[in-house]
1. What value in Å³ per residue do you get for the convex hull of the alpha-carbon atoms in segment B:144-210?
2. So which lysines can B:Lys220 reach, going by Cα to Cα under 21 Å and dropping same-chain residues fewer than 8 places off?
3. Against the empirical 2.2 N^0.38 Å scaling, what ratio does the C-alpha Rg of segment B:192-280 come to?
4. Positive end of the dipole of segment B:5-239, charges at C-beta (+1 Lys, Arg; -1 Asp, Glu), about the Cα centre: which of B:Gly25, B:Gly146, B:Gly43 has its Cα farthest in that direction?
5. Compute the distance from the alpha-carbon center of segment A:98-168 to that of segment B:1-29, in whole Å.
6. What helices in chain B pass both tests, a Cα length along the helix axis of 20 Å or more and a mean Kyte hydropathy of -0.5 or higher, using whole DSSP H runs?
7. Kirkwood hydrodynamic radius, the protein assembly as shown, all distinct C-alpha pairs: what's the number in Å?
8. Can you bin every Cα-Cα distance in segment B:1-49 into 10 Å intervals starting at zero and give me the percent of pairs per bin, rounded to whole numbers?
Amino acid sequence: MAQTMELSAAKPPLRKMRRTLLGTVPVQSPIYELHPATRLFTLLFLGVVSLFIDLPEINILLIIAIFIYLRWAKVDISGLKIYLPLTVTVAIFMFTVSIAFPGADPNFHSFRFLGITFYLEPLYWTFASYWRLMAMLFGTIQYFSTNRERETLVAVRSLKVPFVITYFLSLALRSAGMFLEDMRTIREAERARGLDETSMSLRDRAKLYAMYMIPLFTLAIRRTDEISNALYARGYTPSGKLENEKQRSDYILTQYQFRRIDTILIAAMVITFVLVGVLRIGFGVFAVTQSPLRIFLLSLF
Amino acid sequence: MTAERLIEVSNLVFEYPDGTPALRGVNLEIFSNEFIALIGQNGSGKTTLAKCLNGLLKPTQGYVKIDDLDTREKGTTKKIVTKVGYVFQNPDHQLFNNTIYKEIAYGPRNLGLDEKQVNERVHEAARVCGVEEVLFNEHPFFLTKGLRQRVAIASILAMRPRTIIVDEPTTGQDLRQSLEVMNFLRDLWQNEGHTIIIITHEMPIVAQYAQRSIVLGQGKVLMDGVTREVFAQPELLAQTFVKPPQITRLAQAFSHVGFSPGTLSVEEMTEQYREICQGKS
């Protein structure tokens, strides 16, 4: 006789976490007190402001600020360790190029270590550029780790961006999400066939990523074809209007509140951004030559 | 002969990183040479359970033991995949080499076999799955979906697992292709002695092929037993939004005149009808 159990005994599952493009955030996270537009400005601010800042000291502080922000948002910071290989690979690449091709300038300060001649100025410039890149990278990661596709759309729409841009942005974000999901499944499929990444060298792991490209691109191309056909079949136009010139109904039904704190935070970010830009472009502030660490190192020669 | 226990699942709880509780205390035993169907509505935990059975997902609580090998232990991946194979729902997720030969050889190579053994296994798996050798140098993505599914199964079979889990083997296929895949899985079960576990929403397929059915709902096992007995309880099945095949429901509707509520096929119903008529005459 079949064993049976009443379904009523099982309680409906409760969701504790909300899935974002790059991670998960607790449903109770204080970040949801902020309007999506404010969160989008954190991307624009933290992800771009480093373009104006050469000083590694400030960029490192920015990264620390990003981690504090993520901690406040109750994001599991240990999950960020997946980006460690990326940060190491970028560092190896940048410093190797800088050491192998330092450029020719008789004014460079040099020193020898392990039989190799190092030039301080290009090396320090690489060091500064690396931290600038990392600040921008983590500024972007923080945004996509804490926001869903629809929140980005709400934010962009609240800024009165034309429909055609939000339309393409939504497609791009959706594709990015599906691309990552496919990649996760492909990695599972590899493990299901006995692949043990933990016992592999870095070179072999890099080769693995090349392998992912075959199914990922094939799936992406097939999906692009399907999505474009589906959009055509449903009468989508870049204007967002139907053939009878009526506006299409929205599929995002959640209501978000724009509060005073949002205004204050956005204003603070915009003012800081503009100020940093003006100081950098107009007055040369935040240039690498002003770095206290660089000044100290040069004083040793 | 007593059936050998291959997999033991005890109080299995699994939560996804976003906190969604997918399995909530599953207890199961899977024996050698069984043909099992995992059924239930979307989100009931079928695929999660299947991935736990293969060690792809590690239990949040409880355990899964495969031949007494605990899937929670580290470094067990290579041992587990030789015992339980998992064929993904979409074959495109599982094909990442540029020729069919390399695709089937990928698993055995990961197991560290020498090229002679790899070659033997590729030919054996391809033969069993009906993948012709002339296709060995073709790119997997240029094949039909049915053939891609076969290559995906062959690539798992090449690792010679005793248990094979196939996630929705008939999705997106026409009747002829569906029957081809299912008959092929039945051959693996009957002739090669494998334990087959399928995940499906197609109840006629379950009725025709599965010996045992496990019904999942909200992450728990709601029914577990011989398919005929499971389908004979439509009230319980209705709770999970699973309907027995039409022929079973027809027999249940006429059970008062002597039809068995566990009827699984037209042939069975015809036979019962004949007996009922003979009894009356």
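Just so it is clear, none of the values below were taken in a lab; they were calculated from the coordinates. Because the structure is predicted, anything quoted here is derived from the model rather than measured. Here the Cβ is made from the backbone with ideal geometry for all residues, glycine too, and neighbour counts use every protein chain on show.
1. Working: hull volume 5.1 nm³, N = 67.
That works out to 77 Å³ per residue.
2. Those lysines meeting the cut-off are A:Lys11, A:Lys16, B:Lys46, B:Lys51, B:Lys58, B:Lys65, B:Lys243.
3. Values: Rg = 14.2 Å, N = 89, 2.2 N^0.38 = 12.1 Å.
Against the compact-globule rule of thumb, the ratio is 1.17.
4. Value computed over the given set: B:Gly25.
5. 45
6. Values: long enough: B:115-129 (21 Å, -0.99); B:175-190 (22 Å, -0.26); B:266-280 (21 Å, -1.25).
TM-like helix candidates: B:175-190.
7. Working: mean 1/r = 0.0355 Å⁻¹.
Radius from the Kirkwood sum: 28.2 Å.
8. Taking every Cα pair in segment B:1-49, the percentages come to 22, 46, 25, 6, 1.
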